[in-house]
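Asks: Below you will find the structure I want to go over with you.
The values are calculated or read from the model by the stated rules, or taken from the named source; none is laboratory data. Just so it is clear, the model here is predicted, and its values are computed rather than measured. Cβ placement follows ideal geometry from the backbone for every residue including glycine, while neighbour counts extend to all protein chains displayed. Areas reflect the complete protein model, heavy atoms only, side chains present, ligands, DNA and RNA absent. Shrake-Rupley method; radii C 1.70, N 1.55, O 1.52, S 1.80 Å.
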Amino acid sequence: MHIHDAPALALTAIAASYGNGKPALEEVSFTVAPGERAAIVGPNGAGKSTLFKVIVGLMPHTAGDVLVHGHSHHAGDCPSIGYVPQREAVDWSFPVTVMDVVMMGRVKEIGWLRRAGRADREAARAALEQVGMTPQAVRPIADLSGGQQQRVFIARALAQRADVLLLDEPFSGVDMEAQAAIFEILDHLREREVTVLLSTHDLQMATTRFDRLLLLNRRLLADGPAVSVLTPERLAAAYGGRLTVWRDGQPLTVTTDDCCP
Ligand code: ADP
């Protein structure tokens, strides 16, 4: 079981590559405490999705260690971790219902060759209830809105009894109402000590809704509260060029020249 006092997640000097000679991640180290909620920010191609795939074991790392509650885990085999991939990475034409998707979270408990039992169906129903998607249980997943699909994937992780949730760009392509619904779920999860690590390219939202930001661009450039992470120097180092961010309700335009004369 979980090692007492161990962080929910501990990454040490992680490196990963797609084998094209260009590392996707280098020397990435950080820890996330149980129940903490942190956002990974960085430009497109910074390695955010790659980092999640490494943590969940879908992609091998070439150096370093990933510990989940103090344990290393084998590829794809860590029930503590629930992974909600980017919507673009999912084949939505697959003919499955909402309930089918949530039941996939029970596969490890059921085993591939057994039929789902009452406890599995109960766990799936309870998870759907938690994300407010019970009325949609028998609808095809493809028919739902982007925000509803995200909620179903969160339910799948909860049915699996994951207590570390990785959400890759959960707000991309969803409206404000759906965003608020997802945050409401995340707030409930925080009360239950579920650890949440989420990636987003929306710096304003990350600043207003997260206590802790991790700024990634292949390497981890900064880690801490928004005010210390999103400095003009660091933003220019991560994004280069010109970028507008919101600071105290005012737009602040940062250019590489501001910081790197
Ligand atoms: P982000 O999620 O921050 O946009 P990614 O993790 O998707 O970044 O990508 C990190 C780097 O790895 C980028 O340079 C990207 O082009 C490269 N990359 C991502 N997926 C693949 C892949 N399947 N094959 C080769 N290179 C990839």
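Asks: Can you tell me what the convex hull of the Cα atoms of the range 1-56 projects to on average, as an area in nm²?
Replies: 4.7
Asks: When the scattering of the range 162-240 is computed by the Debye formula from its Cα atoms alone, each counted once and equally, what is log10 I(q)/I(0) at q = 0.12, 0.26 Å⁻¹?
Replies: Those come out to -0.37, -1.34, one per q.
Asks: Could you tell me the distance between the Cα centroids of the range 211-239 and the range 7-57, to the nearest Å?
Replies: One Cα centre to the other: 14 Å.
Asks: Here is a further query. How much area per residue is accessible in the range 1-59 when the probe is 1.4 Å and only protein heavy atoms are counted (Å²)?
Replies: For the range 1-59, the solvent-accessible area averages 44 Å² per residue.
Asks: Taking trypsin sites (Lys or Arg not before Pro) as exposed when DSSP calls them loop (any state but H, G, I, E, B) and at most 11 other Cβ atoms lie within 10 Å, what is the longest stretch of the chain free of them, the sites themselves excluded?
Replies: Counting at most 11 other Cβ atoms within 10 Å as exposed, the longest clean stretch of the chain is 1-113.
Asks: Based on the Kirkwood radius over alpha-carbon pairs, what is the Stokes-Einstein translational diffusion coefficient of the chain at 37 °C with 0.692 mPa s viscosity, in µm²/s?
Replies: Estimated diffusion coefficient is 171 µm²/s.
Asks: Continuing with this model, one more query. Rank Ser80, Ser93, Ser172 by mean-square fluctuation in a GNM of the chain with C-alpha springs under 10 angstrom and give only the top-ranked residue.
Replies: Largest GNM mean-square fluctuation: Ser93.
Asks: Further, regarding this structure: Expressed in nm², what is the orientationally averaged projection area of the convex hull enclosing the Cα positions of the range 1-106?
Replies: 8.2
Asks: Let me ask another. Using a 1.4 Å probe over the heavy atoms of the protein chains, calculate the carbon and sulfur portion of the accessible area of the chain as a whole percent.
Replies: 52
Asks: Between Met99, Leu220, Leu203, whose Cα lies farthest towards the positive end of the dipole of the chain when Lys and Arg beta carbons carry +1 and Asp and Glu beta carbons carry -1, centred on the Cα centre?
Replies: In the chain, that residue is Met99.
Asks: Using Cα-only point scatterers and the Debye equation, what is log10 of I(q)/I(0) for the range 82-216 at each q in 0.11, 0.16, 0.18, 0.20 Å⁻¹, rounded to two decimals?
Replies: Listed by q, the Debye log ratios stand at -0.38, -0.80, -1.01, -1.23.
Asks: Further question: Using only alpha carbon pairs under 8 Å that are at least six residues apart, calculate the relative contact order of the chain and give it in whole percent.
Replies: Result for the chain is 23 percent.
Asks: Based on DSSP loop calls and a cut-off of at most 10 other Cβ atoms within 10 Å, the longest stretch of the chain free of exposed chymotrypsin sites (Phe, Trp or Tyr not before Pro) is what? Please list the in-between numbers first.
Replies: Working: sites that count: Tyr18, Trp112.
The answer is 113-261.
Asks: Moving to a separate point now. Can you tally the net charge around Ile185? Count Lys and Arg as +1, Asp and Glu as -1, for every other residue whose Cβ sits under 14 Å from the Cβ of Ile185.
Replies: Here the count lands on +1.
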